[in-house]
Amino acid sequence: MAQEKEGIEGQIPFTQAPDAGAEGEPEAWGERTRVVGERHPRVDGYERVSGAAVFPSDVVLPGMVYGAMLGSPHANARVKSIDTSAAEGMAGVYAVISRNTGDANPAWSYGGGHQGRLFEDHCRFEGEAVAAVAADTPYRAADALRAIVVEYEELPFVSDVAHALDEDAPGVHADGNLAGESEDGRGDVEQGFAAADVVLERNFRVGSQMQTPLEPHGCVASWDGDRLTVWESTQGVFAIQGELAEVLDMPLARVRVIGHYVGGAFGSKLRTDKYAVAAALMARRINRPVKLFLTREQTLLTQGNRPATLMTLKVGAKKDGTLTAIHFEGTGASGAYKAGGTSLLDWIAKDLYRCPNVRTHLKDVYINAQPARPFRAPGYVQGSWAMDQMMDELAAELAMDPVALRLKNIPDGSQARDDKPYTTDGLRRCIEEGAAAFGWQQARAAGKGKGVAGKGEGHVRRGVGMAAANWYVGDGGPPATVILRLYVDGTANLNMGASDIGTGTKTVMAMVVAEEFGMDPDAIQVEHADTATTQFATPSGGSKTVPTEAPTVRRACLAVKDQLMDMAATQLGRPRQEIRFAGDRLETTDGLETVAITDLDALKNQKVVVGIGERQPNPDDVSITPFAAQFCEVEVNTGTGEVRLLRMVGTNESGRVINRLTWDGQLVGGVTMGAGFAQTESRVLDGPTGKLCNKSWHDYKLPTALDVPDEVVSAPVMLNDEEANIVGAKGLGEPVTIPTGAAIANAVYDAVGVRMLDTPINPETLVARIDLQEGPQ
Amino acid sequence: MTDDTRDGHRSGGQELSRRAFIKTSGMGTVAFAMGPAYGAGQAAADEETETRLEAGETVPITLHINGRSERLLVEPRWSLLFVLRERLGLTAAKVGCERGECGSCTVLLDDVPRYACMTLAVEAVGRRIETAEGLMDGETLGQVQASFVKEDGLQCGYCTPGQVMAAEGLLRRNPSPGRDEIRHAMSGNLCRCGAYAHIFNAVEDAARHRKG
Ligand code: FES
Ligand code: FES
């Protein structure tokens with residue numbers, strides 16, 4: 001067996017470094033590779049399972065005290081007065097800051113042109129910061145918070161996206177509740193609808209979903225003179241460094257942010273928040289490190305959400321399924337400050353399926369709730385919920401197979417980006433290969449609306465559904481820099497600023513290096529996510545980390561290889577053109593002479609070879625886009641409305657698969673999160689008070705081990721997108737979750753003939769709709 | 001001091017005890033570094049902090065953690081999770097919610113998975129407490145931990161030590177669990193990264209290898 005593998009590996013050519021000064025791109029990896037594409041356990045797996053990984057919330061420093069934030073308990077209120085004197089006098093309390101401590105209330109912006117303060121006089125959402133304390137234990141910090149007396153003037157509020165623009169709605173800001181409005185389109189939708197044989201129109205409503213990662217948002221802040229070090233639970237240390245330097249009016253070089261581990265983020269930790277500023281300000285006042293992590297309730301109140309969204313979608317099609325027109329109207333809630341309430345909301349409608357006539361119209365509105373934050377595939381998850389259910393209904397209306405209808409409308413290029421051609425036929429391949437892996441035809445024929453034998457005929461019914469997706473940000477791009485150091489013993493250190501948010505970034509990058517040098521990925525030390533010691537990187541998000549960093553890492557490898565070839569040429573006394581790589585050795589092209597990398601005299605002398613990689617721009621005449629399709633089977637209990645996910649097949653075309661193990665993990669995770677979106681997760685704001693009702697995991701339901709399908713199959717489309725970049729890989733993290741919701745809703749329809757247009761698919765509503773349709777069971 | 005503060009069944013314990021002391025006095029959280037259980041010389045050595053002593057708020061307890069005994073002073077309201085993480089430096093058990101909803105703080109008490117955030121330190125007296133650190137043999141991972149790495153039963157890794165302890169507790173009482181038993185045993189541990197399917201694989205793998 002080992003020999004067989006040797007034999008196969010022997011046929012895989014090693015990639016060569018381009019000749020020094022050569023123009024153009026380095027040669028692509030071949031179809032077959034040695035390390036890349038394997039299932040490789042994480043290079044930091046040991047740390048993550050043993051407890052050795054130091055997450056920011058694990059940091060304990062000498063002299064450290066514990067910070068805590070006080071938030072407004074009202075949906076909308078003005079702070080009339082704050083009395084912190086009792087808190088200040090309490091045993092163990094080190095610092096209390098509020099708007100009363102003038103030197104600790106710097107300017108703060110939620111973005112979108114907002115200019116405010118750390119502690120606002122007007123708290124426009126529940127949980128908005130009013131004061132912060134630091135004490136010797138978290139218990140005493142909590143005691144101190146309770147001792148602060150705040151007088152509020154409660155103000156009228158608006159919390160429902162559907163009523164934000166009503167005439168009589170209270171204004172979140174003086175100039176009304178419209179935060180932004182935009183239109184897009186092509187062709188002539190009126191003509192398109194006139195030419196259609198079938199026109200359908202539906203209203204969809206998506207509840208606000210909250211990221212709520214397992215590690216709460218927070219940091220440890222520590223000063224050393226005028227230098228600040230912050231351990232922050234973040235997706236991007238450089239972004240946090242920039243933000244803190246600006247708010248604290250400090251030079252970048254005096255702010256160091258470290259984020260080696262982050263306990264989940266999903267878009268909610270791209271920026272920091274008021275807690276970090278408060279921690280830094282208090283730490284400076286008391287000359288002690290301050291650890292300030294928000295409570296779970298505070299993270300649900302203030303640390304991000306996918307906006308509550310209303311969508312109206314009208315679609316026209318010919319009898320043969322050809323789409324003729326799409327009209328999409330969307331309203332999304334930014335929250336109390338402008339925060340992308342409708343960002344990317346219309347992209348699925350205007351980009352995914354081919355349609356010549358499209359009009360989209362988006363309204364971003366203010367409500368009295370925390371500002372939204374990008375949440376894994378922002379806009380796309382909501383848009384897919386509408387568009388892919390609509391495609392399903394259209395298929396039923398036209399008596400077409402849902403797969404056939406989608407295959408009828410595959411575009412060659414990105415319609416929302418001037419029809420720039422796609423680099424692959426990924427959408428078609430995902431749908432076709434996914435349908436085959438799922439056994440779509442058989443499952444449709446067998447399952448449709450039928451009772452399940454042994455479960456009580458007619459009482460529990462099965463159905464199947466599918467949906468597809470693309471994701472326009474999955475191309476990555478500059479800026480990114482990495483440095484690779486090859487040591488004299490043949491091991492290496494990779495220095496890269498990007499965060500590994502759990503997607504397996506470090507492992508993927510180690511595999512890229514291992515591929516180039518014929519070494520074991522575990523022989524590579526990855527140094528990352530520290531603004532003081534690692535190279536600049538943009539935050540890990542938007543499924544762009546692998547396509548951004550992996551080609552950059554490969555360039556750094558090639559820069560090292562280039563130097564090694566010169567060393568070998570000198571040592572072997574041959575011209576450089578006669579030297580080639582053979583794994584951990586170099587040899588002459590005639591095969592007569594060979595030298596191990598570790599035997600290179602020049603390397604022995606200088607101890608290390610350093611290679612720098614810079615991310616080059618993407619080609620601008622193509623659309624580098626990942627694609628996805630998901631197929632699922634559900635069981636619906638018509639008596640209780642319970643929907644059980646039985647199985648899911650996920651097909652992704654994200655270019656080359658680098659680590660199959662973490663790739664499959666992404667799919668498993670994306671499906672779980674998508675199931676939460678469709679079935680259980682929705683923020684509830686109380687009507688009479690505007691306050692958050694489900695501010696705990698008891699009430700805000702995440703999928704548990706009992707809610708996920710028995711069978712999740714990851715069936716990647718195996719192709720290398722060589723036009724995309726020099727590793728051929730595109731982003732995966734968002735495409736794995738975009739189609740899940742609609743696929744589930746479509747399966748529910750297939751099972752019981754009821755179309756659920758709102759998230760989450762509430763069992764009570766579902767059972768009422770079934771009863772309405774069939775009469776009580 | 002050693003005799004006063006340790007049950008002392010392991011000679012290496014002295015070092016940890018001292019380190020724990022240095023850390024607590026460095027924190028300025030004097031309350032439990034200074035109780036009557038400590039010798040007068042000790043209190044004098046830390047005079048600066050003694051003035052802020054609020055001995056009435058703490059009680060001396062002994063906790064049996066990962067095969068060692070730790071004697072310390074705690075406020076009765078302190079959770080076991082807080083004491084493990086912030087006082088003893090055992091940070092594998094994580095803070096997710098501190099209200100019994102997520103399981104990221106899971107430890108074993110007498111072989112049974114328990115939420116350390118919902119357990120007061122004083123309640124854990126007399127129990128055998130085990131954390132993910134305690135599953136290691138030196139620097140070698142325990143079987144459940146190794147299986148989590150192999151099957152990639154994790155993503156961000158934050159819920160992972162808790163998942164590992166829940167799995168360890170399951171396998172101690174049921175060495176050959178079926179898939180449904182695994183699901184139920186793991187259902188008290190949230191994973192927002194959604195790694196469940198891989199977690200199930202990891203538990204199955206661990207069960208296979210523990211049996212040998
Ligand atoms: S932290 Fe203990 S259950 Fe969540
Ligand atoms: S691995 Fe991230 S929460 Fe479980």
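The values are calculated or read from the model by the stated rules, or taken from the named source; none is laboratory data. Owing to the predicted nature of the structure, the values given are computational and were not obtained by experimental measurement. FYI the Cβ positions are ideal-geometry reconstructions off the backbone, even for glycines, and counts take in every protein chain you see. For accessibility, only protein heavy atoms count, side chains too; no ligands or nucleic acids. Shrake-Rupley method; radii C 1.70, N 1.55, O 1.52, S 1.80 Å.
Some points to look at:
- Accessible solvent surface per residue of region A:268-339, calculated while the other protein chains remain in place, 1.4 angstrom probe, Å²: 25
- Per residue accessible area in Å² of region A:664-777, where ligands, DNA and RNA are left out and the probe is 1.4 Å: 32
- Only Lys, Arg (+1) and Asp, Glu (-1) charged, at Cβ; region B:135-211 dipole about Cα centre in debye: 200
- Taken over region A:660-740, the percentage of Cα pairs per 5 Å bin, counting from 0 up to the bin with the maximum distance, is 3, 13, 17, 17, 14, 11, 9, 7, 5, 3, 1, 0.
- Ranking A:180, A:116, A:163 by Cα position along the charge dipole of region A:94-198, where only Lys, Arg, Asp and Glu carry charges on their C-beta atoms, puts A:116 farthest toward the positive end.
- Note that region A:109-123 has calculated 3J(HN,Hα) couplings of 10, 7, x, x, x, 5, 10, x, 10, 4, 10, 7, 6, 10, 9 Hz, one per residue in order, obtained from phi through the Karplus relation 6.51 cos²θ - 1.76 cosθ + 1.60 (θ = phi - 60°); glycine and proline are x.
- Dipole of region A:476-614, positive direction: furthest Cα of A:501, A:486, A:542, with charges on the beta-carbon: A:542
- Remark on residue A:94: its backbone amide H falls under 5 Å from those of A:134, A:135, A:136, a criterion applied only to residues 5 or more positions apart or on other chains, H modelled at 1.01 Å from N.
- Of all accessible heavy-atom area on region B:54-212, the percent that carbon and sulfur account for (1.4 Å): 50
- Derived scalar couplings between HN and Hα for region A:194-201 equal 5, 7, 7, 8, 10, 10, 10, 9 Hz in order, rounded to whole Hz, by the Karplus curve 6.51 cos²θ - 1.76 cosθ + 1.60 (θ = phi - 60°), x for Gly and Pro.
- Dimensionless Rg/Rh of the protein assembly as shown - Kirkwood Rh, Rg from C-alpha atoms: 0.98
- Residues with amide H under 5 Å from that of residue A:236, placed H, sequence gap 5 or more: A:540
- Each Lys and Arg Cβ is given +1 and each Asp and Glu Cβ -1; about its Cα centre, region A:613-711 then shows a dipole of about 300 debye.
- Checking the cross-link pairs A:314/A:701; A:318/A:350; A:561/A:607; A:291/A:691; A:363/A:695 against a 20 Å limit on the alpha carbon distance flags A:314/A:701; A:291/A:691; A:363/A:695 as lying beyond it.
- Here the accessible area of chain A is 49 percent carbon and sulfur, with a 1.4 angstrom probe and all protein chains present.
- Neighbours of residue A:269, meaning other residues whose beta-carbon lies under 11 angstrom from its beta-carbon, give a summed charge of -1 when Lys and Arg score +1 and Asp and Glu score -1.
- Protein heavy-atom accessible surface, 1.4 Å probe, per residue over region B:135-211: 32 Å².
- Near residue A:306, once Lys and Arg are set to +1 and Asp and Glu to -1 for all other residues with Cβ below 11 Å from its Cβ, the sum equals +2.
- Length-normalised contact order for region A:173-327 - Cα pairs under 8 Å, 6+ apart - percent: 38
- Each of A:313, A:476, A:687 was placed along the dipole of chain A (beta-carbon charges, centred on the mean Cα), and the one lying farthest toward the positive end is A:687.
- Modelled spin-label separation between residue A:142 and residue A:115, with each label point placed 7 Å from Cα along the Cα-to-Cβ direction: 4.0 nm.
- Computed from backbone phi with θ = phi - 60° and the Karplus coefficients 6.51, -1.76 and 1.60, the 3J(HN,Hα) list for region A:591-600 is x, 7, 10, 8, 9, 5, 3, 6, 9, 5 Hz; x is used for glycine and proline.
- Residues of region A:655-671 that bury at least 50 Å² of accessible area when the other protein chains are present, relative to the chain alone (probe 1.4 Å, heavy atoms, ligands and nucleic acids excluded): A:661, A:668.
- Percent of alpha-carbon pairs separated by more than 22 Å within region A:476-614: 38
- Contact order relative to length of chain A, as percent, for alpha carbon pairs under 8 angstrom and 6 or more apart: 16
- Cut-off under 5 Å, modelled amide H: who pairs with residue A:477 long-range: A:548
- Axial C-alpha extent at least 30 Å, average Kyte-Doolittle at least 0.0 - helices from chain A (DSSP): A:545-572
- Dipole magnitude (debye, nearest 20) for chain A, charges at Cβ of Lys, Arg, Asp, Glu: 1060
- Taking 0.36 nm per residue of separation and subtracting the current Cα-Cα distance, fully stretching the chain between residue A:604 and residue A:710 would add 32.7 nm.
- Interface between chains B and A: roughly 5000 Å² of accessible area buried, both sides summed (probe 1.4 Å, protein heavy atoms only).
- In terms of overall dimensions, region B:135-211 has a Cα radius of gyration and Dmax of 11.1, 33 angstrom.
- Radius 14 Å from Cβ of residue A:556, net charge of other residues (Lys, Arg +1; Asp, Glu -1): -1
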